[in-house]
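A.B. asks: Can you read through this structure? Questions will come right after.
The values are calculated or read from the model by the stated rules, or taken from the named source; none is laboratory data. A quick note: this is a predicted structure, and the numbers were derived from the prediction, not measured. Heads up, the Cβs are rebuilt from the backbone with ideal geometry, glycines too, and the neighbour counts pull from every protein chain shown.
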Amino acid sequence: MFREMRRINQNLSEEETNRIMMTASSGVLALTGDEGYPYAVPLSFAYENGKIYFHCANEGHKIDAIKSNDKVSFCVIDKDEVVPEAFNTYYRSVIAFGRAKILSDDKDRMEALESLIRKYSPDYVPEGQNEIEKHWERVCLVEVSVEHMTGKAAREFMSGS
């Protein structure tokens with residue numbers, strides 16, 4: 001169903017791929033947008049147990065796209081070092097494919113928000129809980145269940161950088 005990576009020798013381990021997903025500060029969500037045009041949007045996210053979580057407004061382009069077609073991809077760039085003299089870029093990145101759903105169950109919504117707090121504000125959990133309570137009715141939470149994910153790196157990074 002999903003394509004095999006063409007340059008298999010540049011494939012990152014599952015452990016390294018998961019590490020990148022857990023530590024990256026942002027990624028780009030790609031969806032099928034209006035009239036079939038691709039729609040890619042950068043966002044903050046949390047990754048736990050094979051799921052990507054993010055919050056957004058209750059309405060808008062993202063939500064409409066998810067309601068229309070739940071298949072998405074998500075890209076994270078971990079390293080991006082342009083090396084002019086080598087006419088090359090030393091990179092490390094991850095691409096994930098999955099299905100997005102808007103969370104409606106309060107327990108699931110809370111778990112998604114708490115995962116974002118743990119990632120971005122681990123020293124402010126009580127304050128984060130206050131923020132959750134303050135914005136609970138207005139926030140929309142989305143979960144992407146990852147079906148396929150690969151990490152890839154420039155050959156220069158494959159020896160353990």
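A.B. asks: Note down all Cβ pairs under 7 Å where the first residue falls in the stretch 47-58 and is on the phi < 0 side of the Ramachandran plot, the second is among the basic types (K, R) and surrounded by 19 or more Cβ atoms within 10 Å (Cβ to Cβ), and they're at least six residues apart or on different chains.
C.D. replies: Sorted first by the residue in the stretch 47-58, then by its partner, the pairs are C56/K62.
Rundown of residues vs (1) surrounded by 12 or more Cβ atoms within 10 Å (Cβ to Cβ); (2) within 19 Å of I63 (Cα to Cα); (3) out of contact with any strand residue (DSSP E or B) (no Cβ under 8 Å at 6 or more places or on another chain), yes/no style:
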site	(1), (2), (3)
S121	yes, no, yes
E127	no, no, yes
C140	yes, yes, no
T150	yes, no, no
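A.B. asks: Does K51 fit the bill of being charged (D, E, K, R) and more than 14 Å from K119 (Cβ to Cβ)?
C.D. replies: No.
A.B. asks: Right, here's the next one. Can you pull out every residue in the stretch 1-60 that is more than 11 Å from the chain's Cα centre (by Cα), surrounded by 15 or more Cβ atoms within 10 Å (Cβ to Cβ) and of a type in the set (G, A, S)?
C.D. replies: G33, the sole residue that qualifies.
A.B. asks: Specify the residue that is nearest to G33 (Cα to Cα); the eligible residues are those in the stretch 69-110 that are without any contact (Cβ under 8 Å) to a residue 40 or more places away in the chain and crowded, with 16+ Cβ neighbours inside 10 Å.
C.D. replies: Once the filter is applied, the top-ranked residue is D70.
A.B. asks: Oh, and also: When only residues in the stretch 1-42 that are assigned to a loop (DSSP other than H, G, I, E, B) and at pLDDT 85 or above count, which is nearest to R92 (Cα to Cα)? Quick ask: steps written out before the conclusion?
C.D. replies: Narrowing the stretch 1-42 to residues assigned to a loop (DSSP other than H, G, I, E, B): 1-7, 12-13, 24-26, 33, 37.
Okay, now just the ones that are also at pLDDT 85 or above, so 12-13, 24-26, 33, 37.
Working: L12: 9, S13: 12, A24: 11, S25: 14, S26: 14, G33: 27, Y37: 27 Å.
Among those residues, the one meeting the criterion is L12.
A.B. asks: Restricted to the stretch 57-90, and to residues that are polar (S, T, N, Q) and in a loop (DSSP other than H, G, I, E, B), which residue is nearest to E16 (Cα to Cα)? Even if it seems obvious, please write down each step before you answer.
C.D. replies: Keep residues of the stretch 57-90 that are polar (S, T, N, Q), which gives 58, 68-69, 73, 88-89.
Cutting the leftovers down to in a loop (DSSP other than H, G, I, E, B) gives us 58, 69.
Values: N58: 34, N69: 30 Å.
Ranking the candidates gives N69 first.
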